[in-house]
Every structure is written in structure tokens, then in C-alpha cells.
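Q: Sharing a structure below in C-alpha cells format, with a few things to ask.
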Amino acid sequence: MTSNSPTTDRNGNHYRHLEQHFRYLIHQKALQPGDKLPSEREIGEQFRLTRITVRQALQTLEAQGLIYRQNRRGWFVSPPAVAYNPAQRKSFIEYVSKQGLFPHTELISQEIISADQQLAAQMQTQKGTPLLKLHRRRSIEGRPVLIEHMILNVDLLSGIEKEDLSQSLTRMLPKFGQTYHAMDLTFKSTALPNSAAADLGIATGLPGLQIERINYNEAGEILEIDYEYWRHDAVIIQVGIHGQ
């Protein structure tokens, strides 16, 4: 890092000089995506700043999507945000890979349950219908960016619980004689729920994007309801509309 000290700011906005210093290093590619920044203590000692001032500068850079913090690991330079069109029938693996980035999916848990009255209404099925609950964490370039909570109708996808559910469900469906035919999408800007923030290894209350997706088969039956929680700085929603 350069030796220019941000303590020369007459207005006392020391954190802005520190913020500008790291932004410059990132834009000049002196710091690359995935690089780890020095610890807050080391930054404070180098620039003769308090821990509070250092944290303020780093949190400003985080809000701009330039860096991110992993609990108990420190601060890292963010990889590029992935362009995502949730209306397209492309798997997470496919659209991330096509952008030159490395995707990974981790299956956190899976469970077969019987639909109670509320779930039966949501899935438009009968009470007692077997449903598969999935909980997955998805990463880009080793950085957790997305938590998924999914509910699948096992009656329509018999035996799917025996598959490797860290893989693309989109590619798996034809094996069960099903395809996605129609979709309902809901987007919501929100503070990440405690559980999603913990799964992503970030502080509770950070902003995020919630996407609810309901997928139907050709017969109009609900195959799956998917709740996604994205880091706010990890995704750019792009939806193209052409013609009438």
C-alpha cells in the first residue's frame, strides 16, 4: 500500500481518504478479486487511524460492492457481480460459468416432509403430499453469494431425493419426465434474514435481494417453489424484453 497518510485531511474525514486509497488500488488492479486485505488492526497501525475509522471506510467500500467481509476471516476484494436473468431457463452453473466465473453449490440439508394445510395451499396440492425441502448455499469464485430454500413436489418427481441435489435441478428434470413450462417471479429488496446472513458468513441486517420463484410443469402443476436470498453486491438483474 502507498505511504500517503489519510490523517492529513483537515476536515477529519480520515475514513474517506482510506476509502479512496483502497478504491484506487482495486480499480488499478493492484488488488485483484479474492485478494485479502490487511487486518483492520494492521490498517489502523499503518495509517495511524482508530479501529472505528478503519471499519467505517471498509463498510463504505462494502456498500459499493468493492469488498466484502467474511466472519472470522477478514475483508476480501469482491469478484465481479454476476449478470442474472431469473426468467431464463438457465441453471446457476450455466450462467455463472458463461461469464468466466467459477460456480459451486453446497447442499446444506434435505428433508422429506408431509404438506400441512399451509404448504398444501402454497403448492396447490393435497394435505399430506410428500414434499422435499432443500437448503443450498451457492458460491461464485469461492465466495458464498446465494442461499436457496426450495420445496419440491415429490409426487411429480418420484425418487428425486436420491439424486445428487448439489447439481442443477433444471438439467435433472427430464429424467423424471418433467420440464419447467411457466414461472411466477417476485423480487424484494430486503435486509437478509438472520439465518441467511449466518449461512453466507456475513453480518445480520446487511441488504440483500429476495427472489421467490414458482415453477410449473406443462400441465400447470407446481413442481417447485424456490426462495433465494442474494448478497446485494453479488448480482445484477438483467431482463431483456424484445418486440411486442
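The values are calculated or read from the model by the stated rules, or taken from the named source; none is laboratory data. Because the structure is a prediction, the values reported are computed rather than measured. So basically every Cβ, Gly included, is an ideal-geometry build from the backbone, and we count neighbours across all protein chains shown.
Q: Take Thr105 and tell me if it is surrounded by 16 or more Cβ atoms within 10 Å (Cβ to Cβ), outside any strand (DSSP E or B) and polar (S, T, N, Q).
A: Answer is no for this residue.
Q: Going through Leu200, Leu223, Leu192, Leu209 one at a time, which residue ends up being touching a strand residue (DSSP E or B) at 6+ places or on another chain (Cβ under 7 Å), over 26 Å from Pro130 (Cβ atoms) and touching a residue at least 40 places away in the same chain (Cβ under 8 Å)?
A: Leu200
Q: What residue, of Glu141, Glu106, Glu94, is in contact with a Gly (Cβ under 7 Å, 6 or more places away or on another chain), outside the structural domain of Lys36 (by TED's automatic domain parsing) and in contact (Cβ under 8 Å) with a residue 60 or more places away in the chain?
A: Going through Glu141, Glu106, Glu94 in turn, the sole match is Glu141.
Q: Can you say whether Leu58 is buried (at least 19 other Cβ atoms within 10 Å of the Cβ), among the aliphatic types (A, V, I, L, M), out of contact with any Leu (no Cβ under 6 Å at 6 or more places or on another chain) and assigned to a loop (DSSP other than H, G, I, E, B), as far as the supplied structure shows?
A: no
Q: Give all pairs with beta carbons closer than 7 Å in which a residue from the stretch 112-125 that is within 12 Å of Ile225 (Cβ to Cβ) and without any contact (Cβ under 8 Å) to a residue 24 or more places away in the chain meets a residue that is among the small types (Gly, Ala, Ser) and surrounded by fewer than 13 Cβ atoms within 10 Å (Cβ to Cβ); count only pairs at least 6 apart in sequence or on separate chains.
A: Going by the 7 Å Cβ cut-off, the qualifying pairs are Ala115/Gly128.
Q: Being part of a loop (DSSP other than H, G, I, E, B), within 17 Å of Tyr227 (Cα to Cα) and not polar (S, T, N, Q) is the filter; apply it to the stretch 157-208 and report the residue that is modelled with the highest pLDDT.
A: Taking the candidates together, the pick is Leu165.
Q: Counting just the residues of the stretch 1-32 that are at pLDDT 90 or above and part of a loop (DSSP other than H, G, I, E, B), which one comes out surrounded by the most Cβ atoms within 10 Å (Cβ to Cβ)?
A: In this case the residue turns out to be Leu31.
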